[in-house]
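**Q** Dumping the structure here so I can ask a few things about it.
The values are calculated or read from the model by the stated rules, or taken from the named source; none is laboratory data. Keep in mind it's a predicted model, so treat the numbers as computed, not measured. Here the Cβ positions follow ideal geometry from the backbone for every residue, glycine too, while neighbour counts run over all protein chains shown. All accessible areas refer to the heavy atoms of the entire protein, side chains included, with ligands and DNA or RNA removed. Shrake-Rupley method; radii C 1.70, N 1.55, O 1.52, S 1.80 Å.
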Amino acid sequence: MKPAASSRGRGIYLIDDISEVNVDDLSIVSRYVNNPLLINGHKFDLRIYVLVTSVEPLRIYVFKEGLARFASEEYRSKNAKSNKFIHLTNYSINKKSKDFVQNDNLENDDYGFKWSLSAFCKHLEQIEIDMNLFWSRIYDIIIKTFLTAENFIFNAVKKTCIHRTNCFELYGFDVLIDSDFKPWLVEVNLSPSLACDSKLDT
């Protein structure tokens, strides 16, 4: 469960039954992926930056650098559903954990609970994952996401832009990978945070 239009992991919690839902709040309910891929025993997601420079025609650029963000406690099943440091990968939440390890060394970008996306990809290459297939699945999610919202985006651009080439938007796609290397879209962030707490963020 996630409150609508919230950020930084605020108000997210796990439910086992629909009766646990507060129907007075506008919320989003997502399926829990119960077989996340783990690295060093920790759940993670990927922040992938996507730039749309045109909606007619649709023109999408995917930045091949980004972040892998880890939960700060080792993964256990949903029995520990109240422990946000196991299930949530939001940096804003996990940096408050006593177990959180910050990466302050840009040269060592696969250390701690936030890696560069390139370090994550290097890790997959080392365990012989087909990276062309991996990225094609990521691209597939991104393209299908925009196609589902294309009409809404097109109408908004038509209302607010003088010309189709003078408008762009940066999105932050949060993607979880399961143990079968299937990517799952967690959410899309409009105007994603570009705050820099470390050299790795910069």
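**Q** Using Cα springs under 10 Å in a Gaussian network model of the chain, which residue among Val50, Val23, Val175 shows the largest mean-square fluctuation?
**A** Checking each option, the largest mean-square fluctuation is seen for Val23.
**Q** Another question, if that's okay. At 222 nm, what helix-only mean residue ellipticity would the chain give, in deg cm²/dmol to the nearest 500, using -39500 (n - 2.57) for each DSSP H run of four or more?
**A** After summing the helix terms and dividing by residue count, I get -7500 deg cm²/dmol.
**Q** To continue, here is another question. Could you report the accessible area of Asp17 in Å², rounded to 10, computed with a 1.4 Å probe on the protein chains as they sit in the structure?
**A** Accessible area, nearest 10 Å²: 80 Å².
**Q** Tell me the volume per residue, in Å³, of the convex hull enclosing the alpha carbons of segment 29-152.
**A** Roughly 142 Å³ of hull volume per residue.
**Q** Semi-axes of the equivalent ellipsoid of segment 85-192: what are they in whole Å, largest first, if each equals the square root of 5 times a C-alpha gyration tensor eigenvalue?
**A** 31, 19, 14
**Q** Could you give the nm distance between label points at Thr145 and Ile18, where each point is 7 Å from its Cα heading toward the beta carbon?
**A** 2.7
**Q** Excluding same-chain residues fewer than 8 positions from Lys2, which aspartates and glutamates have a Cα within less than 18 Å of its Cα?
**A** Result set, ordered by chain and number: Asp16, Asp17, Glu20, Asp24, Asp25, Asp45, Asp174, Glu187.
**Q** Pop out the carbon and sulfur fraction of the accessible area of segment 33-95 as a percent, whole number, probe 1.4 Å.
**A** 49
**Q** Which whole-number percentage describes the relative contact order of the chain, with Cα contacts under 8 Å and a sequence gap of 6 or more?
**A** 23
**Q** What number comes out for accessible area per residue over the chain if the probe is 1.4 Å? Units Å², please.
**A** 60
**Q** Using the per-residue mean of other Cβ atoms lying within 10 Å as a proxy for protection, in what order, highest first, do the peptides 149-155, 87-93 fall?
**A** Going from most to least packed, we get 87-93, 149-155.
**Q** Work out the length of the dipole vector of the chain about its Cα centre, built from +1 on the beta-carbon of each Lys and Arg and -1 on the beta-carbon of each Asp and Glu, and round it to the nearest 20 debye.
**A** 460
**Q** Which residue fluctuates the most in the chain, going by a Gaussian network model with Cα springs under 10 Å, if the choices are Asn108, Asn132, Asn94?
**A** Most flexible of the set in this elastic network: Asn132.
**Q** Here's a follow-up. Identify, among Thr53, Ile127, Asn90, the residue whose Cα sits farthest towards the positive end of the charge dipole of the chain, taking +1 on the Cβ of Lys and Arg and -1 on the Cβ of Asp and Glu, with the dipole about the Cα centre.
**A** Of the listed residues, the answer is Thr53.
**Q** If I histogram all Cα-Cα distances within segment 129-168 using bins 10 Å wide from 0, what percent of pairs lands in each bin?
**A** 26, 34, 25, 13, 2
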